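Here's the structure we're looking at; comments come further down.
The values are calculated or read from the model by the stated rules, or taken from the named source; none is laboratory data. These figures come from a predicted structure and were not determined experimentally. Counting neighbours? That spans all protein chains shown, and the Cβs are built from the backbone with ideal geometry, glycine included.
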């Protein structure tokens, strides 16, 4: 333990979290800020979520914080308290009794050391008590200084206990731009195959965080073959372009564009394969719809010379066409097609589909009207109208 540490730099959200721990401690229970918020504060970031561990039972939490609501996973007695721009989660202190894969038998504990010991990595096991005393039983601060991801305990055992820790290790290394301790890295390389059985819900949760550092995340998924283990049936992760993904990330933060190009491997029928990836990940419905629309646009770009006029016109006047082409231009196989389109249709992104009333007044309807509108749209895109 140590006091007067740089972690004590106060932020509004951290102050809110500490106040929660004080109120619990005043009732005679243990409570401390732990995990990602402590790590991020040391790194100079300002987290908007605070995790608190406590041995206070649910009835005490509800009495102290009437607005707190029970959240998943319910059996761990986790409560959330939300402010305008912050969220505090209070979880019951626990220890693992028996665990393998994602199946854990746990019991509640009053022992802080046991609660900290069950956490995944040293950098996530630092804690701050209500009096702002800093607790670092596993030397997480040293690993932060050395930009190192290290498991608590023997790596292979820890990964066998919970396969998701491998995904989390790679996700943290991507987000923080850290490296792995040597024994942690060896265990990842030897046990990455265990991740094949992970549920879609957990994959979505981790990947959505990992894509915030898309290029590095893709690089590590490829290096440690995690991408191939998880999606090899649908996408050849050996063929994805890390440089292309980095380029896309520099050009946009639009989520559905990032997801589609993140999995692009250059093979045909990308829409069909991306549909299967979306199912494996269980994308939320609205994101899934937009990702698959982008995947279809990638297929249309690759076959645009063979598209019927009406389909080509719809493709070239899509509301996201400009940002889509900017992203597609990041990939060696797609860039020449983007260049060809922009030369042939210099008004891409500046022309909306024309109104059909004039053509209707000329007596056109049905298929004739659709074909005429498509031809007029293409002429406008070429700058001929």
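Identification of helices (runs of 4 or more DSSP H) wholly contained in segment 116-180 with 2 or more residues that are outside the structural domain of residue 37 (by TED's automatic domain parsing), surrounded by 20 or more Cβ atoms within 10 Å (Cβ to Cβ) and touching a helix residue (DSSP H, G or I) at 6+ places or on another chain (Cβ under 8 Å) yields 155-161, 164-176. Apart from one condition, residue 85 fits all of (1) under 21 Å from residue 118 (Cα atoms); (2) touching a residue at least 40 places away in the same chain (Cβ under 8 Å); the exception is (1).
Can you spot a residue in segment 68-76 that is within 23 Å of the chain's Cα centre (by Cα), assigned by TED's automatic domain parsing to the domain that holds residue 112, assigned to a strand (DSSP E or B) and modelled with pLDDT under 95? There is at least one residue in segment 68-76 that is within 23 Å of the chain's Cα centre (by Cα), assigned by TED's automatic domain parsing to the domain that holds residue 112, assigned to a strand (DSSP E or B) and modelled with pLDDT under 95.
Restricted to segment 220-237, and to residues there that are free of Cβ contacts under 8 Å to residues at least 24 places away in the same chain and part of a helix (DSSP H, G or I), the residue that is farthest from residue 320 (Cα to Cα) is 223.
Residues that are at pLDDT below 90 and either surrounded by fewer than 20 Cβ atoms within 10 Å (Cβ to Cβ) or out of contact with any helix residue (DSSP H, G or I) (no Cβ under 9 Å at 6 or more places or on another chain) (or both) do occur in segment 31-45, at least one of them. Taking the condition free of Cβ contacts under 8 Å to residues at least 12 places away in the same chain, within 24 Å of residue 43 (Cβ to Cβ) and not assigned by TED's automatic domain parsing to the domain that holds residue 278, does residue 205 pass? Against the criterion (free of Cβ contacts under 8 Å to residues at least 12 places away in the same chain, within 24 Å of residue 43 (Cβ to Cβ) and not assigned by TED's automatic domain parsing to the domain that holds residue 278), residue 205 qualifies.
Evaluated against (1) surrounded by 15 or more Cβ atoms within 10 Å (Cβ to Cβ); (2) over 14 Å from residue 221 (Cβ atoms), residue 306 falls short on exactly one condition, (1). Residue selection: residue 22 fails the criterion of being assigned to a helix (DSSP H, G or I), modelled with pLDDT of 85 or more, in contact with a helix residue (DSSP H, G or I) (Cβ under 8 Å, 6 or more places away or on another chain) and within 30 Å of residue 143 (Cα to Cα). The criterion of being touching a helix residue (DSSP H, G or I) at 6+ places or on another chain (Cβ under 9 Å), closer than 18 Å to residue 371 by Cα and not in a helix (DSSP H, G or I) does not hold for residue 333. Of all the numbered requirements in (1) under 28 Å from residue 96 (Cβ atoms); (2) touching a residue at least 24 places away in the same chain (Cβ under 8 Å), residue 177 misses one, and that requirement is (1).
In segment 81-115, which residues are assigned to a loop (DSSP other than H, G, I, E, B) and modelled with pLDDT of 80 or more? Steps first, please.
Filtering segment 81-115 for residues assigned to a loop (DSSP other than H, G, I, E, B) gives 83-86, 93, 101-102, 109-111.
86, 93, 109, 110, 111, listed by residue number.
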